[in-house]
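Accompanying notes for the structure given below.
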Amino acid sequence: MEIILQQDVDELGLEGDMVDVAKGYARNYLIPSRIAVEATTQNKKSFELRRKKIEIKRLKAKEKAEKLKQEIEEITITFSHKAGEEGKLYGSVTRMDIASHLEKEGILIDRKKILLEKPIKTLGEFEVALRIYPEVIASIKVVVSPEKKTEG
């Protein structure tokens, strides 16, 4: 079934894109949620009239994402965790940990946009990718160091 997206949807497309999806997905989720409309001739004409506004909005969003990318790539996140003899962590560093650390820095990133395949479970330095906008991917340095033992 052909639909027109009314907002950006990860893995599907950007606002104003015409995409083909399964009928059930469109009728049961996308259309009732007002994420998309059916690609009828009337809807196609109305979106053609709005296309310029959509393009301007996309350009502004991409510019904003590029600025955020530069800001993010200057940051190094450091975590201190308890670790065993071979450098294995007792626990792990997850997407949520990275997102909450970025939030403390004043940068709000949805944890689903952090491209970490599996949690970090060893000491060391890691490059973690963040999808800020469909064509804008930032890379952030994550350092996991051993927790300092306090003498008590």
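The values are calculated or read from the model by the stated rules, or taken from the named source; none is laboratory data. Quick caveat: nothing in here was measured; it's all calculated off a predicted structure. Positions of Cβ are generated from backbone atoms using ideal geometry, with glycine treated the same way; all protein chains shown enter the neighbour counts.
With the requirement that a residue be closer than 17 Å to LEU14 by Cα and either among the basic types (Lys, Arg) or outside any helix (DSSP H, G or I) (or both), what does the stretch 39-52 give you?
ALA39, LYS44, ARG50, ARG51, LYS52
From the list GLU15, GLU2, exactly one residue is of a type in the set (D, E, K, R), on the phi < 0 side of the Ramachandran plot and either touching a residue at least 40 places away in the same chain (Cβ under 8 Å) or surrounded by 17 or more Cβ atoms within 10 Å (Cβ to Cβ) (or both). Which is it?
GLU15
So, in the stretch 53-95, of the ones that are assigned to a loop (DSSP other than H, G, I, E, B) and not basic (Lys, Arg), which residue ends up farthest from GLY124 (Cα to Cα)?
Selected residue: GLU74.
With respect to ILE98, is the statement that it is in contact (Cβ under 8 Å) with a residue 40 or more places away in the chain and under 19 Å from GLU127 (Cα atoms) true?
Against the criterion (in contact (Cβ under 8 Å) with a residue 40 or more places away in the chain and under 19 Å from GLU127 (Cα atoms)), ILE98 qualifies.
Every residue, every condition in (1) outside the structural domain of ASP10 (by TED's automatic domain parsing); (2) more than 27 Å from ASP10 (Cβ to Cβ); (3) touching a helix residue (DSSP H, G or I) at 6+ places or on another chain (Cβ under 8 Å); (4) surrounded by 11 or more Cβ atoms within 10 Å (Cβ to Cβ), yes or no:
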site: SER80; (1), (2), (3), (4): yes, yes, no, yes
site: ARG95; (1), (2), (3), (4): yes, no, yes, yes
site: LYS104; (1), (2), (3), (4): yes, no, no, no
site: ILE114; (1), (2), (3), (4): yes, no, yes, yes
site: LEU123; (1), (2), (3), (4): yes, yes, no, yes
site: ILE140; (1), (2), (3), (4): yes, no, yes, yes
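Please go through the stretch 31-78 and pick out each residue that is outside the structural domain of ALA138 (by TED's automatic domain parsing), hydroxyl-bearing (Ser, Thr, Tyr) and under 24 Å from the mean Cα position of the chain (by Cα).
Of everything in the stretch 31-78, just one residue is outside the structural domain of ALA138 (by TED's automatic domain parsing), hydroxyl-bearing (Ser, Thr, Tyr) and under 24 Å from the mean Cα position of the chain (by Cα), namely SER33.
With respect to the numbered conditions (1) under 18 Å from the mean Cα position of the chain (by Cα); (2) of a type outside the set (A, V, I, L, M); (3) more than 24 Å from LYS60 (Cβ to Cβ), which one is the sole condition not fulfilled by GLU105?
Among (1) under 18 Å from the mean Cα position of the chain (by Cα); (2) of a type outside the set (A, V, I, L, M); (3) more than 24 Å from LYS60 (Cβ to Cβ), GLU105 violates only (3).
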